[in-house]
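Single-structure report; data block below.
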Amino acid sequence: MESETSFVPEVTENIAMDSAEKRLNELGYKQELRREMTMFKTLAISFSTMTLFTGITPLYGSSLQYAGPASLVWGWVVVCFFTWFVGIAMAEICSSFPTTGSLYFWAAHLAGPKWGPFSSWCCAWLETIGLIAGIGTQAYAGSQTLQSIILLSTGTNKGGGYFAPKWLFLCMYIGLTVIWAALNTFALEVIAFIDIISIWWQVIGGAVIVIMLPLVALTTQSASYVFTNFELAPNTTGISSKPYAVILSFLVSQYSLYGYDAAAHLTEETKGADKNGPIAILGSLAIISVFGWAYILALTFSIQDFAYLYDPNNETAGAFVPAQILYDAFHGRYHNSAGAIVLLFIIWGSFFFGGLSITTSAARVVYALSRDKGVPFSFLWRKLHPKHKVPTNAVWLCAAICILLGLPILKVNVVFTAITSICTIGWVGGYAVPIFARMVMPEKNFKAGPFYLGKARRPICLVAFLWICYTCSVFLLPTLYPITWDTFNYAPVALGVGLGLIMVWWVLDARKWFKGPVRNINAQNGKV
């Protein structure tokens, strides 16, 4: 048996090798993507994928309505607590396996030779579904924010303002998706530069909103109202069960607190990824935990009239609760909506940056899975741009599927609920597979990276796995009663059909040839 140095392709000889690149070679992959990302750039992309506003803003109104402010505010704290177990578990695995395939690569190696291919197959497709749906959630919520900006800019709902109809809403949705794909066609340095703007945009913009909004509002709610008020809205939501209402009010936090795995998708392009990958995962989670709660508190303290937020005859047509809170604050103080429009533009920028980063992550996962021949017509999606060395075809495939997901906007009113549920279950569900495998595998088979949990790994992984299972379950629940065609949560049907077809494909065909990640370095002679 030759030494580990013999695994390294000849092109890397006589060149100081990055520790993560060395580990990549040991795992059986050659370095194809450009390793130019610094820790800060990786953190920027990871944070941009999570984003400060994009999770909280679109679901804030519905979550507030289910059980009142206290459940929403404390729900963020509870969800953050359990999410940290997931983040820590993933950081350890990322440190050991710094590969672009990330989650499904981890699943294959951690589950062992017997279960590795099946675990890898399930994880890869869950993650792919979640990420592509994630592009759709950003495009939808970004269009919703733009719809409110246009409405307030043209006179408000009461003043004859223009409320974008469904066909125009769909055009905005498609336009955002295409712009993100076009930008991802360029070199990764362009995306990294934009995401550095993103992290400052969100940190500075978030600070401005969090500080300014309560100061501008003519009146603010009392601390007892924000932290202790609990009230149901059975006439609107159809839900009279307190435990059920609390569960649904937590959805905004569960939807917001994931996406930190973006750092793992870029590990083959990050310097010192075995160290910087875990730092980016935990760093982005820390930032969003603090700023997210501050944003929720700022919105909740600034509420002027709770019932008026949901009135279809109000200035924002009752369509977007955060926009109405901003309008009430600035119009009440200055008798115009200019300030609200500016802050909504800051929030819209967050959606723009978030969608761009998720497109980057989705394309990397499709590229990695195609490299391992796990996607139909893999030879197309694994091609890299000859100059920029980015998976251009995979980028446009993700964009095309995202656009198809958005087409029902023209006829169905619950599209966002379905896409959000699909995104969360697929994305977070993909986390569960490698974490479970890490929990049950023999410790002697695990080669630890710089970030290592030691004996703490089993309890941490157990809590993380159970929390993920709970999160996926609640996103399958109906969110409004009575259940009709307009209120039905279509996510269970869509996921059932999609995952069912993927499992049938596995049983009938894929299990015969899909073996998980395919090495492109010959372990015996060091040749590609």
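The values are calculated or read from the model by the stated rules, or taken from the named source; none is laboratory data. Just so it is clear, the structure is predicted and the values come from calculations on it, not from any experiment. Heads up, the Cβs are rebuilt from the backbone with ideal geometry, glycines too, and the neighbour counts pull from every protein chain shown. Calculation scope for accessible area: heavy atoms of the full protein, side chains included, ligands and nucleic acids excluded. Shrake-Rupley method; radii C 1.70, N 1.55, O 1.52, S 1.80 Å.
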Per residue accessible area of segment 234-366, 1.4 Å probe, in Å²: 27
Additional length obtainable on full extension of the chain from V507 to S241, 0.36 nm per residue less Cα span: 91.6 nm
Additional length obtainable on full extension of the chain from V342 to K114, 0.36 nm per residue less Cα span: 76.5 nm
Apportionment of accessible area to carbon and sulfur, segment 326-372, percent (1.4 Å): 68
Nitroxide proxy distance, nm - points 7 Å out along Cα→Cβ at K389 and Y334: 4.7
Anisotropy class of segment 415-528 from Cα gyration tensor, a/c 1.5 cut: oblate
Extended-chain gain in nm, criterion 0.36 nm per residue less alpha-carbon gap, W200 and L407: 71.2 nm
Projected label distance in nm at A456 and F81, using a 7 Å step from Cα toward the beta-carbon: 1.7
Using a Förster distance of 35 Å, the FRET efficiency for V190-K373 (Cβ separation, nearest 0.05): 0.75
Euclidean distance between Cα centres, segment 427-447 to segment 193-252, Å: 34
Within segment 53-94: backbone nitrogen closer than 17 Å to the E231 label point (7 Å, Cα to C-beta): 61-73
Cross-link pairs K444/K515; K383/K444; K383/K447; K455/K515; K114/K373; K166/K383 - those with Cα-Cα distance over 29 Å: K383/K444; K383/K447; K455/K515; K166/K383
For segment 472-512: rounded, prolate or oblate by the Cα gyration tensor [a/c cutoff 1.5]: prolate
Gap separating the Cα centres of segment 322-358 and segment 51-87, nearest whole Å: 19
Sulfur and carbon atoms: percent of accessible area, segment 79-190 [1.4 Å]: 76
Projected label distance in nm at A448 and K515, using a 7 Å step from Cα toward the beta-carbon: 3.1
